[in-house]
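The values are calculated or read from the model by the stated rules, or taken from the named source; none is laboratory data. Note that the structure is a prediction, hence the values are computed from the model and not measured. Glycine gets a Cβ as well: all are built from the backbone with ideal geometry, and neighbour counts include every protein chain shown.
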Amino acid sequence: MWRFLTLLLCLALPAQAAQEEVVLALSKDQVSITTDFDGSEILIFGAIKRESSIPEGPPIEVIVALSGPDSPVTVRRKEKQLGIWVNADAVDIASAPEFYAVATSGPMNEILTDEEDLRHRVSVERAILSIGAAEQLEDAQEFIKAAIRIRENNDQYSLNEGIVQVDEQTLFRTEIKMPPNLTEGNYTARILLTRGGHVVAQHDAVIDVRKVGLERFLYNLSRQQPFVYGLMSLAIAIFAGWSASAVFRLIKNG
Amino acid sequence: MQIYLPIAEVSVNAFLLLGLGGLVGVLSGMFGVGGGFLMTPLLFFIGIPPAVAVATEANQIVASSFSGVLAHFRRRTVDIKMGLVLQAGGLMGAAIGVVVFNYLKSLGQVDLLVKLCYVVFLGVVGGLMFIESLNAIRKSQKPGAVTAKKRQRGWVHAMPFKMRFRTSGLYISAIPPLLVGICVGILAAIMGVGGGFIMVPAMIYILGMPTKVVVGTSLFQIITVTAFTTMLHATTNYTVDIVLAVLLLVGGVIGAQIGTRIGVYLKAEQLRILLALMVIAVCGKLALDLLLMPTELYSLGDSGGH
């Protein structure tokens, strides 16, 4: 009998945890990089599905994190040596997203505890995998901060607190801007629901960012047939040089 | 109008690129330099990744030089024989240069070395040209002073394998032009430029070629070396952005045509003093970057090789 009850309890616990679920919709799940690509906006909206009534306690908060493909990065610091500024110390970051945008329904430090941030790697400081960085240099943390600062200035990283609208603790919506200097790859949109600083539900969706048309063709050609691509570049250059010369001679003689 | 560059993976204004290409093209046509030493730093400035800027610039120089050299061929101001000797040296030099470049890259600090190369060579070349052409102008303004047409009769004339370069009116050994070609080729590959700004003064002061044929011959030589560099970059680093190159070269070839025509109306001394001033200006800017404390001490790079 006791065993049966324990089993019931065990079965009930996950159900308790998944009491609130995200139902998500994206305005588009594919971003096409065309020749005139000038950035993109993605509308992320959805609802919170519940089997029971809204639980009591602090209200539900929503965090949306959109991250691009990860890659290793080297951060270098300049130092004055013999009168000139040269790259001196360097720190390797094992993996950092090339794009990372976070939108929240409230101040980050109020709606997500540090432990939960660490576990779910939500804030950009946590999303960067800097394992081993501290062993490379004493002030490695400064290098990581600098990397974040540089990418923030470059519109690659952003944190927008309070731009996720939550209605009736059930509906939410936000818009994330993607800059024109996007790289290709699979972007992941993560939606986290938090209550009192704790994550109660999470949902992931993939957004495919791809070059299309001419961009796709040229990119593939340059990687798969580099020799042909090089010759084509030269042919275009020589033709352009010749035609400009010919046109100007016509103008002069005509 | 914004345009997305497929290889550089950034979005830039198409008219900005056309304008930059045109401006540098005018200078290139006037002075017989590829313009790479101006364009490459400008491309860094508008946010093109350095590797792509250097490789694409090589491709663009092919176009503007080709456009320029045709005009010179028609005016018979190209010493083809001299050009071929220089090209032979240039290709050897470019191959050596790429090896040196990759070696330096494995040591790290390649950015610094490229910049130091720029500062040293631009400074020396610009300074020498400036002083020399200033003296020439002063001399020509003195009434009654005979402009002594004294050819250097130094080590250049004491070497074997003499060849006659009819267009330049020279009878010198083939070794100095070959060496000049190699040196320029090495520097061109390391600095990511055509090398005209070194080639032009080397031809005037070391080989003693008449200024009239220097520009055309330099352009003729640059085409081969930059075409070779383009292929090298396209096949090894995949960093030639053809969309960027087309935008730059459309502006560039038109500019080069205009520049070649302006160049005809200027005296050789004036041309040289203008080129010298420009070279010194770029050198000064780069030197300041090295000497003054940068606003951002940190920089990001691809992982590995530091």
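In summary, A:F227 fulfils each of the numbered conditions (1) without any contact (Cβ under 8 Å) to a residue 24 or more places away in the chain; (2) part of a strand (DSSP E or B); (3) not small (G, A, S) with the single exception of condition (2).
Might you let me know whether region A:85-108 holds any residue that is of a type in the set (D, E, K, R), part of a strand (DSSP E or B) and within 12 Å of chain B (Cβ to nearest Cβ)?
First, the residues of region A:85-108 that are of a type in the set (D, E, K, R): A:89, A:92, A:98.
Still in the running and part of a strand (DSSP E or B): A:89, A:92.
Going one step further and asking which of them are within 12 Å of chain B (Cβ to nearest Cβ), we end up with A:89, A:92.
The answer is yes, given that some residue of region A:85-108 is of a type in the set (D, E, K, R), part of a strand (DSSP E or B) and within 12 Å of chain B (Cβ to nearest Cβ).
Restricting attention to region A:29-57, the residues being outside any strand (DSSP E or B) and within 14 Å of chain B (Cβ to nearest Cβ) number 6.
So which residues in region B:290-306 are at pLDDT 70 or above and either more than 7 Å from chain A (Cβ to nearest Cβ) or exposed (fewer than 15 other Cβ atoms within 10 Å of the Cβ) (or both)? Hits for region B:290-306 are B:L291, B:L292, B:M293, B:P294, B:T295, B:E296. Look through region B:44-76, keep the residues that are without any contact (Cβ under 8 Å) to a residue 60 or more places away in the chain and part of a helix (DSSP H, G or I), and return whichever of them is nearest to the other protein chains (Cβ to nearest Cβ). Only one residue tops the list, namely B:L70. Taking region A:147-174 as the range and being within 12 Å of chain B (Cβ to nearest Cβ), in contact with an Asp or Glu (Cβ under 8 Å, 6 or more places away or on another chain) and in contact (Cβ under 8 Å) with a residue 12 or more places away in the chain as the test, the residues that pass are A:I148, A:Q156.
Here are B:G25, B:G21: which of them is of a type outside the set (V, I, T) and within 13 Å of the chain's Cα centre (by Cα)? Full working, then the answer.
Values: B:G21 fails: within 13 Å of the chain's Cα centre (by Cα).
So the residue among B:G25, B:G21 that is of a type outside the set (V, I, T) and within 13 Å of the chain's Cα centre (by Cα) is B:G25.
Looking at region A:175-206 only, could you name the residues that are within 14 Å of chain B (Cβ to nearest Cβ) and either part of a helix (DSSP H, G or I) or of a type in the set (G, A, S) (or both)? I'd like the intermediate steps shown before the answer.
Applying the first criterion (within 14 Å of chain B (Cβ to nearest Cβ)) to region A:175-206 yields A:177-185.
A:G185, the sole residue that qualifies.
For beta carbons closer than 8 Å, sequence separation of 6+ or different chains, a first residue in region A:125-141 that is under 25 Å from A:V102 (Cβ atoms) and a second that is in a helix (DSSP H, G or I) and among the charged types (D, E, K, R), the qualifying pairs are A:R126/A:D117.
One residue stands out among those in region A:48-90 that are β-branched (V, I, T) and more than 30 Å from B:Y298 (Cβ to Cβ): the one that is surrounded by the fewest Cβ atoms within 10 Å (Cβ to Cβ), which is A:I54.
Kindly provide the set of residues from region A:207-231 that are within 7 Å of another protein chain (Cβ to nearest Cβ) and not aromatic (F, W, Y), ordered by number.
Of everything in region A:207-231, those that are within 7 Å of another protein chain (Cβ to nearest Cβ) and not aromatic (F, W, Y) turn out to be A:K211, A:E215, A:L218, A:S222, A:R223, A:P226, A:G230.
Every test in (1) small (G, A, S); (2) at pLDDT 75 or above; (3) within 16 Å of B:V78 (Cα to Cα) is passed by B:S133 save one, and that test is (3). Of note, B:D79 satisfies the criterion of being over 17 Å from the mean Cα position of the chain (by Cα), acidic (D, E), at negative phi and modelled with pLDDT of 80 or more.
Every residue in region A:111-131 that is among the small types (G, A, S) and more than 14 Å from A:V75 (Cα to Cα), please.
Step one: filter region A:111-131 for residues among the small types (G, A, S), giving A:123, A:127, A:130.
A:S123, A:A127 - these are the residues of region A:111-131 that are among the small types (G, A, S) and more than 14 Å from A:V75 (Cα to Cα).
Filter region B:198-210 for residues that are surrounded by fewer than 24 Cβ atoms within 10 Å (Cβ to Cβ) and either closer than 20 Å to B:L70 by Cβ or not β-branched (V, I, T) (or both) and give the result. Residues satisfying the conditions are B:P201, B:A202, B:Y205, B:L207, B:G208, B:P210. Quick check on my filter: what residues within region A:91-106 are crowded, with 21+ Cβ neighbours inside 10 Å and among the hydroxyl-bearing types (S, T, Y)? If the condition is that a residue be crowded, with 21+ Cβ neighbours inside 10 Å and among the hydroxyl-bearing types (S, T, Y), then A:Y100, A:T104, A:S105 are the ones that fit. The number of residues in region B:236-253 being more than 7 Å from chain A (Cβ to nearest Cβ), among the β-branched types (V, I, T) and either closer than 11 Å to B:I48 by Cβ or crowded, with 22+ Cβ neighbours inside 10 Å (or both) comes to 1. For the list (1) within 12 Å of chain B (Cβ to nearest Cβ); (2) over 20 Å from the mean Cα position of the chain (by Cα), I need the number of the one condition that A:E135 fails. Evaluating A:E135 over (1) within 12 Å of chain B (Cβ to nearest Cβ); (2) over 20 Å from the mean Cα position of the chain (by Cα) leaves (1) as the failure.
Looking at B:F37, is it among the aromatic types (F, W, Y), more than 10 Å from chain A (Cβ to nearest Cβ), in a helix (DSSP H, G or I) and surrounded by fewer than 23 Cβ atoms within 10 Å (Cβ to Cβ)?
Details: among the aromatic types (F, W, Y): yes; more than 10 Å from chain A (Cβ to nearest Cβ): yes; in a helix (DSSP H, G or I): yes; surrounded by fewer than 23 Cβ atoms within 10 Å (Cβ to Cβ): no.
In short, no.
Can you pull out the residues in region A:68-84 that are under 20 Å from A:A146 (Cβ atoms), part of a strand (DSSP E or B) and not basic (K, R)? Passing the criteria: A:D70, A:S71, A:P72, A:V73, A:T74, A:V75, A:E79, A:Q81. Here B:V264 meets the list (1) within 14 Å of another protein chain (Cβ to nearest Cβ); (2) crowded, with 17+ Cβ neighbours inside 10 Å; (3) not basic (K, R) almost entirely, failing just condition (2). Tell me, which residue of region B:1-33 that is farther than 12 Å from B:L244 by Cα and assigned to a loop (DSSP other than H, G, I, E, B) is nearest to the other protein chains (Cβ to nearest Cβ)? Only one residue tops the list, namely B:M1. Taking region A:170-219 as the range and being out of contact with any Lys or Arg (no Cβ under 9 Å at 6 or more places or on another chain), of a type in the set (D, E) and more than 26 Å from A:G230 (Cα to Cα) as the test, the residues that pass are A:E175, A:D208. Annotation note: Cβ proximity below 8 Å between a residue of region A:53-71 that is without any contact (Cβ under 8 Å) to a residue 60 or more places away in the chain and a residue that is surrounded by 13 or more Cβ atoms within 10 Å (Cβ to Cβ) and of a type outside the set (S, T, Y) (sequence gap 6+ or interchain) occurs for A:D70/A:A96; A:D70/A:P97; A:D70/A:E98; A:D70/A:L129; A:S71/A:A96; A:S71/A:E98.
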